[in-house]
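Asks: Sending over a structure as structure tokens; questions will come in a sec.
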Amino acid sequence: MDIKEYFELHPEAAIAFSGGVDSSYLLWAASKHARRFKAYYAASQFQPRFERDDALRLAKELKAEMQVIELDVLSVPKVAENPKDRCYWCKKAIFAAVSRAALADGFTVIMDGTNASDDAGDRPGMKALKELSVLSPLRDCGLTKSEIRRLSKEAGLFTWDKPAYACLATRIPAGEAITQEMLAATEEAEDYLFSLGFTDFRVRTRGKGALLQMREEQLPLLLERRGVILEKLKKYYDTVSLDLEVRR
């Protein structure tokens, strides 16, 4: 089954939209093939500002209606406590909120951007999707991440080469309670590194310190800008370290 046939089976759908590569392509497909659709963006402390900006930009370019749902995920104890299955509790809260908003608009079908490359065994959040009967058209149609990037490029979507970006909570080790201050520090630090030209990196929280994970080819730039990076990041962290195993 291809994506066009999928929307023939489900002509009306609420799209859980994050502004990432996968959900952006799904929203484009809905704009081409669905009879009626609407995008729902769940804005929480775990999403950086640029993700919302990208989502709003793409929705505008596609002339798609988009609703922003403000959600305090840290008010969910099982999310703030940050257990190993935090993603399950977070997804459950997010998609419950999306479902409520979608039902109010008359939608009974909720879709998300999970793709065929996503490993269900490594994603506790996919359990929540199943429990809430959320459909994953890209996964059901066998579309992998690389195929979605190719199709997105062909469709002219600016998101086609957007780097993968896990939520801010993934920077904090499981078992360590998440605070708003931790998330704010991570976002400020990563925003600053983005502004210097770094891509596909992470600033991970380690106690009161930061651990930088960079791609090998960007290490020369890191060393070149070492002084200004330390000056900026030490506003938020006691120490700043580099992971020499680098990102792959």
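The values are calculated or read from the model by the stated rules, or taken from the named source; none is laboratory data. Computed from a prediction, not measured in an experiment: that's the story for all the values here. As a convention, Cβ positions derive from the backbone with ideal geometry for all residues, glycine included, and neighbour counts pool all protein chains shown.
Asks: Tally time: how many residues in region 1-59 are of a type in the set (D, E) and farther than 22 Å from A169 by Cα?
Replies: Our first condition is that a residue be of a type in the set (D, E); within region 1-59, this holds for 2, 5, 8, 12, 22, 51, 53-54.
The next check asks that each one be farther than 22 Å from A169 by Cα; those that pass are 2, 5, 8, 12.
Result for region 1-59: 4.
Asks: Return a yes/no flag: does region 116-124 have any residue that is within 23 Å of K38 (Cβ to Cβ) and out of contact with any strand residue (DSSP E or B) (no Cβ under 8 Å at 6 or more places or on another chain).
Replies: Filtering region 116-124 down to residues within 23 Å of K38 (Cβ to Cβ) leaves none.
No, region 116-124 contains no residue that is within 23 Å of K38 (Cβ to Cβ) and out of contact with any strand residue (DSSP E or B) (no Cβ under 8 Å at 6 or more places or on another chain).
Asks: Report yes if some residue within region 171-186 is in a loop (DSSP other than H, G, I, E, B) and among the acidic types (D, E); otherwise report no. I'd like the intermediate steps shown before the answer.
Replies: Here is the first cut: in region 171-186, the ones in a loop (DSSP other than H, G, I, E, B) are 172-179.
Add one more test, that the residue is among the acidic types (D, E), and what stays is 176.
Yes.
Asks: Moving to a separate point now. Please list, ordered by first then second residue, the pairs with beta carbon atoms under 6 Å, 6 or more apart or interchain, first in region 84-95 and hydroxyl-bearing (S, T, Y), second assigned to a helix (DSSP H, G or I).
Replies: Taking only residues 6 or more apart or on different chains, the pairs are Y88/G125; Y88/K127; Y88/A128.
Asks: Residue by residue through region 201-248, note down the ones that are in contact with an Asp or Glu (Cβ under 6 Å, 6 or more places away or on another chain) and farther than 18 Å from E176 by Cβ.
Replies: Across region 201-248, the qualifying residues are R215, V246.
Asks: Taking region 135-156 on its own, how many of its residues are under 17 Å from the mean Cα position of the chain (by Cα), part of a loop (DSSP other than H, G, I, E, B) and surrounded by 15 or more Cβ atoms within 10 Å (Cβ to Cβ)?
Replies: The total comes to 1.
Asks: While we're on this one: Among (1) touching a helix residue (DSSP H, G or I) at 6+ places or on another chain (Cβ under 8 Å); (2) closer than 29 Å to S75 by Cα; (3) surrounded by 17 or more Cβ atoms within 10 Å (Cβ to Cβ); (4) at pLDDT 95 or above, there is one condition A177 misses while meeting the rest; what is its number?
Replies: (3)
Asks: Is it the case that region 150-166 has a residue that's more than 23 Å from R57 (Cβ to Cβ) and either among the small types (G, A, S) or in contact with a strand residue (DSSP E or B) (Cβ under 6 Å, 6 or more places away or on another chain) (or both)? Break it down into steps so the answer makes sense when it comes.
Replies: Of all residues in region 150-166, those more than 23 Å from R57 (Cβ to Cβ) come to none.
So far as region 150-166 goes, no, none of its residues is more than 23 Å from R57 (Cβ to Cβ) and either among the small types (G, A, S) or in contact with a strand residue (DSSP E or B) (Cβ under 6 Å, 6 or more places away or on another chain) (or both).
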